[in-house]
Amino acid sequence: MRTYADAGAEAGRHWRATITAAQAGDRQALDELVAGWLPLVYNIVGRALNGHADVDDVVQETMLRAVGSLGSLRDPDSFRSWLVAIAMRQIRDRARRRTATRLDESTAPEGAADFAELTVLRLQLEGQRREVAEAVRWLDDEDRQLLSLWWLEVAGELTRRELAAAVGISRQHAAVRVQRVKERLEVSRGIVRALDGACPDLREVTARFSGRPDSVWRKRLARHIRGCGYCGDTRENVVPAERLLVGIALVPVPVGFTLSLGLGGKSAVAAAGSASVGWSAKVLGALTKPAVAMTAGATLAAGGVYVAVQTPDDPPPRTAAVPTAASTTAEPPRPPAPAASPSASPSPSPSPSATKKKAVYGSVVDAVDTAPDPDTTPGALPHRPESGITSTGGAHAVMNHRGDAVTLSGQGYVLVRWQISPQYRAGRLVPPAWTGLEGRLFHVASGGGRRMDDPTSATDTTATGMGSAATGYAVLPAGTQQMWQNEYFYVDGSVTLTVNERGADYGVSVFPSTWDAVEKDILTGPPAGAGRYGLVRDTGGDDTPVPQYVTRDTPADPATVPQASRVPA
């Protein structure tokens with residue numbers, strides 16, 4: 001059986017092939033390379049400079065140098081660390097060029113949002129995650145540079161080896177420096193927390209504070225917090241920053257961001273004097289062809305100009321294709337969701353449980369159905385054979401971040417329990433995927449006492465399991481079956497469930513279960529305090545639904561599993 005690690009290795013081979021093709025002058029491969037890595041570079045530079053007006057220039061120079069020197073890269077496996085090192089050199093060079101000018105937000109265009117603000121707004125961060133993002137403002141330039149790498153290390157986009165190489169120090173020295181930055185970050189988090197509070201003494205201390213963070217005010221406010229019973233009294237459990245940042249998405253490249261990589265002028269001249277002159281000539285010719293190629297979130301137009309094209313009214317964007325530390329692969333664009341019906345009041349498709357047409361296994365998928373009446377008891381649940389299920393996550397696997405996965409093997413029932421957290425990040429929800437299926441997988445019942453779009457508050461009429469008017473909502477792609485609190489599946493063989501979380505925060509818990517437990521759950525209804533009875537989807541035959549997002553393949557990125565999948569018998 002192929003494992004998730006095998007998929008990562010295969011993805012790595014695919015990505016190496018893309019780099020090799022780009023080195024050979026393949027414009028489409030170069031397009032994918034630039035579009036895939038631009039968000040990573042943008043996040044490193046943006047956070048290191050905290051959204052300074054020079055961010056675009058430094059990103060531009062980094063990508064230009066990387067494209068111009070790509071032919072000299074001998075080992076495609078080292079591309080990420082090589083690119084990050086180029087970005088850090090450009091950041092340091094920019095600092096040296098501007099030593100005579102104070103480098104802070106005062107030089108940014110009026111009304112421009114710093115990177116901390118962009119992080120909070122674009123990723124919809126709340127609570128302590130927002131606190132961490134805003135605390136970055138209080139760090140010095142050198143600390144922000146290192147933190148821009150450590151942030152991505154914790155988020156799974158870089159390794160410690162790559163962090164150390166980019167800074168030009170040993171891994172042992174990097175560990176010491178990272179620890180110091182983390183300590184200063186925690187002090188800064190305390191400042192953000194205190195400024196959000198209502199300490200009367202702090203208001204007096206900050207009477208002359210301009211609102212622009214700097215080291216002088218950081219030290220002054222830290223002294224106040226250490227000696228203040230009000231500001232130093234942290235009643236809320238403070239979660240370490242590294243736990244808050246695990247799996248967090250990259251800040252999307254802003255709409256309208258333009259990256260000109262025409263390799264013209266001095267860059268082309270410099271390339272001509274290098275060993276990569278042949279490659280540069282090929283790429284220059286490819287980039288100047290009158291062609292347009294669409295990529296994940298960007299357009300490559302004639303002359304080698306990349307422009308972010310997502311409109312402000314689009315759903316919250318997912319991260320562009322950036323290989324993670326685990327897989328070293330680019331994320332291909334997700335297949336488009338099925339178009340909504342043009343009817344003003346589309347009629348819901350019939351419930352899969354009501355579908356009587358006999359079909360071969362794998363040809364039936366979940367349809368978009370409406371919730372049954374809360375007081376309607378479910379039909380009989382067929383009892384399928386149970387020899388037992390083993391799970392790589394144990395008896396209770398909790399998956400909260402993108403890339404978390406659990407492999408289920410055997411014959412029996414499985415519970416997938418949903419927890420949506422729109423208070424941390426609301427937006428388009430990218431559902432999990434079932435991959436590497438060997439045997440059969442059925443979606444047999446839904447329970448938990450409620451669907452996720454059922455009301456959850458007696459005081460807030462807008463609140464459901466998907467969010468509220470105050471926090472925002474997790475939004476399913478068009479054509480996706482609404483999940484219930486508990487979803488039950490039957491496995492006969494083996495399959496891997498992978499969390500694809502980005503646009504919205506959610507977690508799933510996976511439990512091997514039994515027929516008795518499923519029946520007890522779905523028969524617990526309003527008389528027992530539940531919101532509704534459950535729903536039986538299993539007909540006992542091969543016309544039982546299979547999940548959406550299921551495949552017998554093990555793709556490099558499980559998010560590429562087509563919606564409304566059909567698997568061969």
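The values are calculated or read from the model by the stated rules, or taken from the named source; none is laboratory data. Owing to the predicted nature of the structure, the values given are computational and were not obtained by experimental measurement. Cβ atoms come from the backbone with ideal geometry, glycine included; neighbour counts cover every protein chain shown. Keep in mind that these areas ignore ligands, DNA and RNA; they rest on the heavy atoms of the full protein, side chains included. Shrake-Rupley method; radii C 1.70, N 1.55, O 1.52, S 1.80 Å.
Just give me the residues in the range 41-86 being in contact (Cβ under 8 Å) with a residue 60 or more places away in the chain and acidic (Asp, Glu), in sequence order.
The answer is ASP56, ASP77.
Scanning the range 548-560 for residues that are modelled with pLDDT under 85 and in a loop (DSSP other than H, G, I, E, B), which turns out most open to solvent (accessible area, probe 1.4 Å)?
Out of the qualifying residues, it is ALA556.
Within the range 399-430, restricting attention to residues that are out of contact with any Asp or Glu (no Cβ under 6 Å at 6 or more places or on another chain) and among the charged types (D, E, K, R), which residue is surrounded by the most Cβ atoms within 10 Å (Cβ to Cβ)?
This residue is ASP404.
When you check GLU183 against the structure, is it farther than 28 Å from ARG428 by Cβ and among the charged types (D, E, K, R), yes or no?
Answer is yes for this residue.
Quick grid of which residues meet (1) at pLDDT below 85; (2) assigned to a helix (DSSP H, G or I); (3) closer than 30 Å to GLU142 by Cβ; (4) in contact with a helix residue (DSSP H, G or I) (Cβ under 7 Å, 6 or more places away or on another chain):
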residue: TRP15; (1), (2), (3), (4): yes, yes, no, no
residue: ILE19; (1), (2), (3), (4): no, yes, no, yes
residue: GLN28; (1), (2), (3), (4): yes, yes, no, no
residue: GLY46; (1), (2), (3), (4): no, yes, yes, yes
residue: ASP57; (1), (2), (3), (4): no, yes, yes, no
residue: MET63; (1), (2), (3), (4): no, yes, yes, yes
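So if I check each of GLY439, GLY448, GLY362, which one is touching a strand residue (DSSP E or B) at 6+ places or on another chain (Cβ under 9 Å), closer than 21 Å to ALA569 by Cα and not in a loop (DSSP other than H, G, I, E, B)? Break it down into steps so the answer makes sense when it comes.
Details: GLY448 fails: closer than 21 Å to ALA569 by Cα; GLY362 fails: not in a loop (DSSP other than H, G, I, E, B).
Only one candidate qualifies: GLY439.
Might you let me know whether the range 479-492 holds any residue that is open to solvent by less than 30 Å² (accessible area, probe 1.4 Å), at pLDDT 90 or above and over 27 Å from the mean Cα position of the chain (by Cα)?
Yes, some residue in the range 479-492 is open to solvent by less than 30 Å² (accessible area, probe 1.4 Å), at pLDDT 90 or above and over 27 Å from the mean Cα position of the chain (by Cα).
List every residue pair whose Cβ atoms sit under 6 Å apart, with the two residues 6 or more apart in sequence or on different chains, where the first one lies in the range 456-480 and is closer than 27 Å to GLN563 by Cβ and the second, anywhere, is among the hydroxyl-bearing types (Ser, Thr, Tyr) and buried (at least 18 other Cβ atoms within 10 Å of the Cβ).
Qualifying pairs under 6 Å: THR456/THR464; MET466/TYR473; GLY467/TYR473.
Name the residues in the range 418-436 that are under 16 Å from GLY465 (Cβ atoms) and in a loop (DSSP other than H, G, I, E, B), would you?
Within the range 418-436, SER421, PRO422, GLN423, TYR424, ARG425, ALA426, LEU429, PRO431 qualify.
In the range 533-547, what count of residues is obtained for those that are open to solvent by less than 20 Å² (accessible area, probe 1.4 Å) and not in a strand (DSSP E or B)?
8
This table checks each residue for (1) open to solvent by 10 Å² or more (accessible area, probe 1.4 Å); (2) touching a strand residue (DSSP E or B) at 6+ places or on another chain (Cβ under 7 Å); (3) assigned to a helix (DSSP H, G or I).
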{"position": "ALA470", "(1), (2), (3)": "yes, no, no"}
{"position": "VAL495", "(1), (2), (3)": "no, yes, no"}
{"position": "ASN500", "(1), (2), (3)": "no, yes, no"}
{"position": "LYS520", "(1), (2), (3)": "yes, no, yes"}
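Considering the range 65-114 alone, what residues qualify as being at pLDDT 70 or above, more than 28 Å from the chain's Cα centre (by Cα), over 15 Å from ILE44 (Cβ atoms) and open to solvent by less than 30 Å² (accessible area, probe 1.4 Å)?
Result: GLY68, LEU73.
Of all residues in the range 522-532, which are assigned to a helix (DSSP H, G or I) and open to solvent by 10 Å² or more (accessible area, probe 1.4 Å)?
Passing the criteria: PRO526, PRO527, ALA528.
Out of GLU117, GLU131, which single residue is open to solvent by 10 Å² or more (accessible area, probe 1.4 Å) and either under 26 Å from ALA174 (Cβ atoms) or at pLDDT 70 or above (or both)?
So the residue among GLU117, GLU131 that is open to solvent by 10 Å² or more (accessible area, probe 1.4 Å) and either under 26 Å from ALA174 (Cβ atoms) or at pLDDT 70 or above (or both) is GLU131.
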